[in-house]
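Okay, so here's the structure we're looking at.
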Amino acid sequence: MLSESFLPFFTWAGTTWLGTTVRDTVWAFPVIETFHLLALAILLGSVLIVNLRAFGVGNQRAEMTMQLEPWIVVSIVVLILSGIPMAMSEPMKCYESYSFPIKMILLVAAIAWHFTLQRRWTQPDAARSNPFRSKVAAGLSILLWASIGIAGKGIPYV
Amino acid sequence: MTVLGFCEWLQALPWASGVKESSWQFPVIEGIHSLAISVMIWPAALVDLRLLGLAMRRRTVSSVTGQFLPWVWVGFILMVMSGAILFSAEAVKCYKSPFFRVKIILIAIAGLNALIFHKSVFGHAASWEKDPRLPWRARVAGACSLVVWIGVIAMGRGLAYA
């Protein structure tokens with residue numbers, strides 16, 4: 001799927017110290033992936049709790065959104081930091097798959113969305129004045145983050 | 001019938017071998033299994049963190065459990081159902097894997113821990129949940145659950161590779 005112009009970058013990634021070390025250490029990948037999955041659980045769980053509020057499902061406390069925000073930011077950082085060594089240890093698998101580039105595009109979109117309009121439109125005041133818009137923002141947020149998780153699961157397969 | 005014999009019989013069933021041989025069924029069910037982690041583990045962890053006094057300290061324990069435990073059950077049922085299908089497709093591999101055995105033991109410990117907590121201290125939560133420091137049994141239950149579920153995820157990852 002990716003254009004061949006990306007090939008030198010992926011080839012280089014596989015020759016770096018980080019890439020070769022993770023690839024050559026038997027336990028490194030599963031251990032890093034465990035942290036990746038834990039952070040994913042924290043992120044998706046928080047995203048669900050925060051955004052389902054717009055639909056009147058589950059948590060209805062505005063202060064929960066504030067409390068979970070740092071967890072969302074920390075889990076995104078952990079996901080990226082653990083994702084980089086995993087991708088670098090098998091760059092050709094990522095280069096050849098459809099899931100990896102789709103996941104990266106969705107990731108950029110989800111981060112951009114989360115820190116701009118999602119926040120503004122789902123704020124309590126904004127949600128009261130325009131509930132439809134807050135539902136769209138919340139629904140898109142859930143959809144984006146869940147798709148990133150599914151695309152990640154797809155990397156070894158397609 | 002031995003346990004191994006049961007596993008061989010199970011994965012030879014047409015629907016179980018169908019999941020294994022299909023190009024998309026196993027990864028899709030695995031994806032649901034992974035997503036269910038976030039529906040279950042994070043709400044469960046938030047309850048554990050509350051018991052440890054590390055999150056939502058201004059809210060009572062019963063209000064936190066009332067909000068999050070329904071999600072834990074939804075996620076848990078999803079995980080058990082998707083996990084049972086994944087197990088059926090690779091029953092013999094799972095049976096032989098030490099990671100899988102430890103994973104099942106850890107899930108049993110998590111269940112036992114939750115059961116003991118609910119039957120003992122949580123029964124009279126109203127008498128202690130406003131205290132700044134919760135009873136030691138509540139704190140131990142929270143710490144135990146947190147560690148055990150992280151272990152379950154780690155064993156699941158080990159199982160996929162070993």
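The values are calculated or read from the model by the stated rules, or taken from the named source; none is laboratory data. Keep in mind that what you see is a predicted model, and the values were worked out from it rather than measured. Because the Cβ atoms are built from the backbone with ideal geometry, glycine has one as well, and the counts that use them run over all protein chains shown.
Details
- Flag if B:PRO135 is over 19 Å from B:VAL72 (Cα atoms) and either in contact with a strand residue (DSSP E or B) (Cβ under 6 Å, 6 or more places away or on another chain) or away from chain A (no Cβ under 14 Å) (or both): yes
- Taken together, B:GLY75, B:GLY83 contain a single residue that is more than 11 Å from every other protein chain (Cβ to nearest Cβ) and surrounded by 15 or more Cβ atoms within 10 Å (Cβ to Cβ), which is B:GLY83.
- In segment B:35-42, the count of residues that are modelled with pLDDT under 90, among the polar types (S, T, N, Q) and buried (at least 20 other Cβ atoms within 10 Å of the Cβ) is one or more.
- Leading residue by the ranking (farthest from the chain's Cα centre (by Cα)) among those in segment B:56-66 that are facing chain A (nearest Cβ under 10 Å) and more than 16 Å from A:VAL50 (Cα to Cα): B:ARG58
- Condition check for B:VAL147: without any contact (Cβ under 8 Å) to a residue 24 or more places away in the chain and either within 14 Å of another protein chain (Cβ to nearest Cβ) or surrounded by 19 or more Cβ atoms within 10 Å (Cβ to Cβ) (or both): yes
- Counting only helices (runs of 4 or more DSSP H) wholly contained in segment A:111-158, the ones carrying 3 or more residues that are within 14 Å of chain B (Cβ to nearest Cβ) and at pLDDT 90 or above occupy A:131-154.
- Test set (1) under 30 Å from A:ARG61 (Cα atoms); (2) modelled with pLDDT of 95 or more - B:ILE109 fails condition number: (1)
- Sole exception among (1) touching a Lys or Arg at 6+ places or on another chain (Cβ under 6 Å); (2) modelled with pLDDT under 90; (3) closer than 29 Å to B:VAL148 by Cβ; (4) not basic (Lys, Arg) for A:ALA54, by number: (3)
- Residue in segment A:54-73 that is surrounded by 19 or more Cβ atoms within 10 Å (Cβ to Cβ), within 13 Å of chain B (Cβ to nearest Cβ) and touching a residue at least 60 places away in the same chain (Cβ under 8 Å) present: no
- Among the residues of segment A:19-48, those identified as more than 9 Å from chain B (Cβ to nearest Cβ), buried (at least 19 other Cβ atoms within 10 Å of the Cβ) and closer than 15 Å to B:TYR161 by Cα are A:VAL22, A:ILE32.
- Summed over segment B:97-131, the residues that are charged (D, E, K, R) and either surrounded by 13 or more Cβ atoms within 10 Å (Cβ to Cβ) or at positive phi (or both) give a count of 3.
- Hits in segment B:26-46 - residues which are free of Cβ contacts under 8 Å to residues at least 24 places away in the same chain and either more than 9 Å from chain A (Cβ to nearest Cβ) or in contact with a Phe, Trp or Tyr (Cβ under 6 Å, 6 or more places away or on another chain) (or both): B:PRO27, B:LEU46
- All conditions in (1) more than 30 Å from B:VAL28 (Cβ to Cβ); (2) within 14 Å of chain A (Cβ to nearest Cβ); (3) surrounded by fewer than 19 Cβ atoms within 10 Å (Cβ to Cβ) hold for B:VAL140, with the sole exception of (2).
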